[in-house]
């Protein structure tokens, strides 16, 4: 296990758990909110749109419908961590990542509260996504001081000012499907479109207006697991380990010392 960094470049972390559908979830929201309120007092109800494709039969075109489903959000008072709950999933996300143990603890805490009231039967997927910002200390520093050649991609194949470079790889791992992305770009802090809108506050130390890199790594385990929290914790830790692996394999020894 890698040691905890004192100044880790991680600026956003998401932990997702999908469970069996609870169609009457709204009946339990008041009790769930009561249990979360001390740490997550801000409550917002919104909706999430899902695209459903139905196959009509041989020779008939499929029908595509957009269905809106309720989502309940519970944020802490400083808007740096939150839970988002739907009828089929719970998401914990934070811009103040501490370490693996704290992440696992919060994911399990949210799931246990939901289970206490909604009585879940099983979970069917666990996913963790981690975003790191590699920001050079000054204009004289180059990203190659922080990153190994792989995530740097094609940034050095042409003279001129780099505006954007994207690299991506997908892996089948012992913990599930993993995706590793490295995005180099100039300008403000890069943020994936699929995570917009961002509802949490990102720390001031990640303000940037120049060349930087975003390491975007995720892993998802898809399998049905009965609601046994010891087994679920093992799944979360296995997924977390694989989601973090590309980061450690992407950075240089110099970067590790600088952030450590």
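The values are calculated or read from the model by the stated rules, or taken from the named source; none is laboratory data. These numbers come from a predicted model, not from an experiment. Heads up, the Cβs are rebuilt from the backbone with ideal geometry, glycines too, and the neighbour counts pull from every protein chain shown.
Condition (residue is on the phi < 0 side of the Ramachandran plot, at pLDDT below 95, surrounded by 13 or more Cβ atoms within 10 Å (Cβ to Cβ) and under 26 Å from the mean Cα position of the chain (by Cα)) applied to region 167-181: is it met by at least one residue?
yes
Cβ contacts < 8 Å: first residue over 22 Å from residue 137 (Cα atoms), restricted to region 186-211; second residue surrounded by 16 or more Cβ atoms within 10 Å (Cβ to Cβ) and modelled with pLDDT under 95, any location; separation 6+ or different chain. Result?
198/191
Against the conditions (1) in contact with a helix residue (DSSP H, G or I) (Cβ under 6 Å, 6 or more places away or on another chain); (2) within 25 Å of residue 206 (Cβ to Cβ); (3) modelled with pLDDT of 95 or more, where does residue 5 fall short? Just the number, please.
(3)
I'd like the full set of residues that are more than 15 Å from residue 114 (Cβ to Cβ), surrounded by 12 or more Cβ atoms within 10 Å (Cβ to Cβ) and touching a residue at least 60 places away in the same chain (Cβ under 8 Å), limited to region 5-43.
Listed by number, the residues that qualify are 5, 8, 9, 10, 11, 12, 13, 14.
Return yes when residue 181 is in a strand (DSSP E or B), without any contact (Cβ under 8 Å) to a residue 40 or more places away in the chain and either closer than 16 Å to residue 9 by Cα or in contact with a helix residue (DSSP H, G or I) (Cβ under 8 Å, 6 or more places away or on another chain) (or both) and no when it is not.
In short, yes.
Within region 111-155, which residues are surrounded by 18 or more Cβ atoms within 10 Å (Cβ to Cβ), more than 30 Å from residue 72 (Cβ to Cβ) and modelled with pLDDT of 90 or more?
134, 135, 143, 146, 147, 151, 152
Tell me, please, whether a residue that is buried (at least 17 other Cβ atoms within 10 Å of the Cβ), in contact with a strand residue (DSSP E or B) (Cβ under 9 Å, 6 or more places away or on another chain), in a strand (DSSP E or B) and in contact (Cβ under 8 Å) with a residue 12 or more places away in the chain can be found in region 243-254. Full working, then the answer.
The initial filter retains those residues of region 243-254 that are buried (at least 17 other Cβ atoms within 10 Å of the Cβ), namely 243-247, 250-251.
Filter once more, keeping what is in contact with a strand residue (DSSP E or B) (Cβ under 9 Å, 6 or more places away or on another chain): 243-247, 250-251.
Filter once more, keeping what is in a strand (DSSP E or B): 251.
Next, from what is left, pick out any that are in contact (Cβ under 8 Å) with a residue 12 or more places away in the chain: 251.
Yes, there is a match, as at least one residue in region 243-254 is buried (at least 17 other Cβ atoms within 10 Å of the Cβ), in contact with a strand residue (DSSP E or B) (Cβ under 9 Å, 6 or more places away or on another chain), in a strand (DSSP E or B) and in contact (Cβ under 8 Å) with a residue 12 or more places away in the chain.
State whether the residues of region 87-98 include one that is surrounded by 21 or more Cβ atoms within 10 Å (Cβ to Cβ) and over 16 Å from the mean Cα position of the chain (by Cα).
Checking region 87-98: not a single residue is surrounded by 21 or more Cβ atoms within 10 Å (Cβ to Cβ) and over 16 Å from the mean Cα position of the chain (by Cα).
Which strands (runs of 3 or more DSSP E) sit wholly inside region 54-112 and have at least 3 residues that are touching a strand residue (DSSP E or B) at 6+ places or on another chain (Cβ under 6 Å) and over 14 Å from residue 42 (Cβ atoms)?
It comes to 63-75, 89-94.
Just to check your reading of the model, which residue among 18, 45 is farther than 30 Å from residue 133 by Cβ, at pLDDT 95 or above and part of a strand (DSSP E or B)?
After ruling out the rest, the residue left standing is 45.
Kindly list, by first and then second residue, each pair from a residue in region 131-143 that is more than 17 Å from residue 96 (Cα to Cα) to a residue that is assigned to a loop (DSSP other than H, G, I, E, B) and at pLDDT below 85, limited to pairs with Cβ atoms under 8 Å and residues at least 6 apart or on different chains.
Taking only residues 6 or more apart or on different chains, the pairs are 143/155.
Give the residue, chosen from 192, 197, that is modelled with pLDDT of 90 or more and more than 25 Å from residue 245 (Cα to Cα).
Result: 197 is the single residue among 192, 197 that is modelled with pLDDT of 90 or more and more than 25 Å from residue 245 (Cα to Cα).
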